[in-house]
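Here's the structure, in structure tokens; my notes come after.
The values are calculated or read from the model by the stated rules, or taken from the named source; none is laboratory data. All values reported here derive from a predicted model rather than from experimental measurement. All Cβ positions, glycine included, derive from the backbone under ideal geometry; neighbour counts span all protein chains shown.
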Amino acid sequence: MTAACGAGGFAVFFTLHWVRPAWLGFGDVRLAGLLGTGLGWLGPGHLVFALMAGSVAGLTVGLALMAAGRATRHTRLPFGLFLAAGAIAALLVGAPVVHWYESVSDPYATGAPFTMPRPYPVTHGKT
């Protein structure tokens with residue numbers, strides 16, 4: 001599982017780097033693969049949480065800098081710092097968030113037994 005998460009993180013970021021090299025540096029691509037390998041032992045949900053938390057942190061800082069007039073839309077920010085912060089957040093608070101999301105997205109997580117509707121009435125041996 002860890003190798004798949006590492007390869008998946010690397011592949012997604014490599015694709016973004018290949019499509020538009022100005023968006024991501026190759027260090028971010030390598031860091032995503034490393035984070036996927038490191039967080040993969042917790043599960044792919046933790047990797048997704050880390051990448052999303054890092055993106056939200058980068059977005060928040062970028063918007064705050066633009067609101068303060070210290071940056072524009074074209075100002076480059078180092079994304080690796082935010083990826084690392086997202087990985088730390090995934091390690092510290094990722095388990096309850098991932099568990100909550102999995103319980104919300106799983107239709108069978110209610111604990112009720114899964115039963116198929118019968119196409120005919122049940123007579124219990126009576127004809």
Part of a helix (DSSP H, G or I), at pLDDT 95 or above and touching a helix residue (DSSP H, G or I) at 6+ places or on another chain (Cβ under 6 Å), is that true of A57? yes
Taking L65, is it at pLDDT 90 or above, under 30 Å from A3 (Cβ atoms), assigned to a helix (DSSP H, G or I) and hydrophobic (A, V, I, L, M, F, W, C)? no
Over the range 13-24, the set of residues within 15 Å of G80 (Cα to Cα) and part of a helix (DSSP H, G or I) is F13, F14, L16, H17
Taking first residues from the range 12-31 that are in contact (Cβ under 8 Å) with a residue 24 or more places away in the chain and surrounded by 18 or more Cβ atoms within 10 Å (Cβ to Cβ) and second residues anywhere that are outside any loop (DSSP other than H, G, I, E, B) and not aromatic (F, W, Y), the pairs with Cβ under 6 Å that are 6 or more apart or on different chains are L24/L16; L24/H17; D28/G80; L31/G80; L31/L83
Selection from the range 22-37 of residues more than 12 Å from V12 (Cβ to Cβ) and under 14 Å from the mean Cα position of the chain (by Cα) yields T37
Those residues of the range 32-43 that are surrounded by fewer than 17 Cβ atoms within 10 Å (Cβ to Cβ) and in a helix (DSSP H, G or I) come to a total of 1
Answer yes if at least one residue in the range 58-67 is surrounded by fewer than 20 Cβ atoms within 10 Å (Cβ to Cβ), of a type in the set (A, V, I, L, M) and within 19 Å of the chain's Cα centre (by Cα), and no otherwise. yes
Of the listed residues (G45, G38), the one being in contact (Cβ under 8 Å) with a residue 24 or more places away in the chain, under 24 Å from Y101 (Cβ atoms) and touching an Asp or Glu at 6+ places or on another chain (Cβ under 9 Å) is G45
The residue from V104, V93, V122, V98 that alone is in a helix (DSSP H, G or I) and either exposed (fewer than 10 other Cβ atoms within 10 Å of the Cβ) or at pLDDT below 70 (or both) is V104
